[in-house]
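Reading through the structure tokens given below for one structure.
The values are calculated or read from the model by the stated rules, or taken from the named source; none is laboratory data. In this text, all values refer to a predicted model and were calculated from it rather than measured experimentally. Heads up, the Cβs are rebuilt from the backbone with ideal geometry, glycines too, and the neighbour counts pull from every protein chain shown. Each accessible area value is taken on the protein alone, full model and side chains, heavy atoms only, with ligands, DNA and RNA left out. Shrake-Rupley method; radii C 1.70, N 1.55, O 1.52, S 1.80 Å.
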Amino acid sequence: MEIRVLAAAEEMAATRDIRARAFGPLPDAEWEATLRRTAPVLAAGRQFAGFDGDRIVATARIHDMTQWWHGRAVSMGGIGGVTVAPEERGRGLGRRLMTEILERCAGFGHALAMLYPATTRIYRSLGWEHAGAQHMIEIPAEALRGIAADRVPVRRAGPADAAEVAAVIGRVHASAGDCGPIGWHEYMWPAFLDTPDEYCYLAEDGFLAYRWAEGNAALEVSRAVAASERTLRALWAIVGSGSSTAPTVRACVSPMDPVLWLPGEREKETVRRSQWMLRVVDASAAIEARGYPEGVTAAVPLEIDDPQRPGNSGHWRLEIKDGAGHLERSREDAAAVRLDVRGLSALYAGVPVATLRRAGLLGGGDAGALSAAFAATPFSLDYF
């Protein structure tokens, strides 16, 4: 199998067949939307395919993203569209493809890589580990209709607002100190904001996107973020105004989203979790770029094992202070905390040390300070 960058829209169109065989066919309208959204990825040389002769047998793409960790944006490769032709499975093509994709992420300068797995085993074997989830929560629309809201300047948003939408969402996640949500670059937003039947609203410090679902009997909120209480209430009041038609709202939110504390009644919720996996691509760069809880300090010797990215392997000294982290090479230390790259990736995402020890992902010395230093409740508002 030869893995190379797809260079033309015609080659991208040729991936529709393998996509259908791997995950089921897409209606024409949905496929056209996929092509619009992936056009910038293709133009950036981030759409890949594995060829057997002139036949495409595997595909993957790398989105250019940032991911927020305690209010700081870390360069991240969002991996999507991973397929292997059904008749070619079991030959190791998926592993070969993902090994190449990991190296491409490093070449693009991404400190992290994230994906939503259709299967876990192959990704774990290459260093990814479960880290967080996209949470879809069902909320009674009537509960949202009762949220008191002041009038806040809110306007409809379209493709021309791409730069402002990206900036507003970034400011919201930074000010909230969020962990896990991704940031799309400005050039990706026009296609999102031009999606038919996706209703987008923009405020000075907030953004809302929702659609009708189930034959207009329900509402789906794909994103509702705001930096202030007034704007948050105003955006959710727009959603709640549809309660006379839609009794239920399905909303993609953080598990600690403030909207869950606004309704007068909150008894039970139906939550669907879509798990995502994280991989540290460049250990030193990832530690330096991440934010950390204020007031937490740590100085811990580490021994990291990363067979796929040997530059991450070896002995290190980790220091965290004043919300910043630093990782530098050190001498061998018998008291070092031992981690393979899966353990490091899970720790980075806030999985507690006690969990990692009992899962066999961390061993060795005194790691007590690491749980507080990497504490996080990661979530995502995007599926890709």
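Looking at the range 53-108, which of its residues are in contact with a strand residue (DSSP E or B) (Cβ under 8 Å, 6 or more places away or on another chain), assigned to a loop (DSSP other than H, G, I, E, B), over 25 Å from residue 172 (Cβ atoms) and not aromatic (Phe, Trp, Tyr)? Walk me through how you get there before you give the answer.
From the range 53-108, those in contact with a strand residue (DSSP E or B) (Cβ under 8 Å, 6 or more places away or on another chain) are 56-70, 73-85, 88, 93-94, 96-98, 100-102, 104-105, 108; that's our starting set.
Restricting the remaining residues to those that are assigned to a loop (DSSP other than H, G, I, E, B) gives 70, 85, 108.
Next cut, over 25 Å from residue 172 (Cβ atoms) only: 85, 108.
Once the filter is applied, which keeps residues that are in contact with a strand residue (DSSP E or B) (Cβ under 8 Å, 6 or more places away or on another chain), assigned to a loop (DSSP other than H, G, I, E, B), over 25 Å from residue 172 (Cβ atoms) and not aromatic (Phe, Trp, Tyr), the range 53-108 yields only 85.
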Point to revise | Complete set of residues in the range 219-254 that are in a strand (DSSP E or B) and either touching a Pro at 6+ places or on another chain (Cβ under 6 Å) or surrounded by fewer than 19 Cβ atoms within 10 Å (Cβ to Cβ) (or both) | key: 248
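How many residues does the range 291-309 contain that are in contact with a Leu (Cβ under 8 Å, 6 or more places away or on another chain) and open to solvent by less than 30 Å² (accessible area, probe 1.4 Å)?
Of the residues in the range 291-309, the ones in contact with a Leu (Cβ under 8 Å, 6 or more places away or on another chain) are 298-306, 308-309.
With the extra rule that they be open to solvent by less than 30 Å² (accessible area, probe 1.4 Å), the set shrinks to 298, 300-302, 304, 306.
Total meeting the criteria: 6.
Taking the range 366-384, which residues are crowded, with 16+ Cβ neighbours inside 10 Å, small (Gly, Ala, Ser) and over 22 Å from residue 177 (Cβ atoms)?
Of the residues in the range 366-384, the ones crowded, with 16+ Cβ neighbours inside 10 Å are 367, 369-374, 376, 378-382, 384.
Now restrict to residues that are small (Gly, Ala, Ser): 367, 369, 371-373, 376, 380.
Matches in the range 366-384: 367 only.
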Check your understanding: Among the listed residues 135, 173, 130, which satisfies the condition of being touching a residue at least 60 places away in the same chain (Cβ under 8 Å), under 24 Å from residue 37 (Cα atoms), open to solvent by 10 Å² or more (accessible area, probe 1.4 Å) and not in a loop (DSSP other than H, G, I, E, B)?
Key -> 135
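Select from the range 256-298 the residues that are small (Gly, Ala, Ser) and touching a residue at least 60 places away in the same chain (Cβ under 8 Å) and list them in ascending order. Steps first, answer last, please.
Step one: of the range 256-298, the residues small (Gly, Ala, Ser) are 264, 274, 283-286, 289, 291, 295, 298.
Those that are small (Gly, Ala, Ser) and touching a residue at least 60 places away in the same chain (Cβ under 8 Å): 264, 274, 283, 285, 286, 289, 291, 298.
Taking the range 110-123, which residues are closer than 22 Å to residue 64 by Cα and either modelled with pLDDT under 95 or over 17 Å from the mean Cα position of the chain (by Cα) (or both)? Let's see the steps before the verdict.
Step one: of the range 110-123, the residues closer than 22 Å to residue 64 by Cα are 110-118, 123.
Answer for the range 110-123, where residues must be closer than 22 Å to residue 64 by Cα and either modelled with pLDDT under 95 or over 17 Å from the mean Cα position of the chain (by Cα) (or both): just 118.
Suppose we keep only residues that are open to solvent by less than 20 Å² (accessible area, probe 1.4 Å) and touching a helix residue (DSSP H, G or I) at 6+ places or on another chain (Cβ under 7 Å) within the range 340-360. Which one would you say is nearest to residue 277 (Cα to Cα)? Before the answer, list the steps.
As a first pass, look at the range 340-360 and keep what is open to solvent by less than 20 Å² (accessible area, probe 1.4 Å): 341, 343-350, 353, 356.
Filter again for touching a helix residue (DSSP H, G or I) at 6+ places or on another chain (Cβ under 7 Å), leaving 341, 343-344, 346-348, 353, 356.
Values: 341: 12, 343: 12, 344: 12, 346: 9, 347: 12, 348: 12, 353: 18, 356: 15 Å.
That would be 346.
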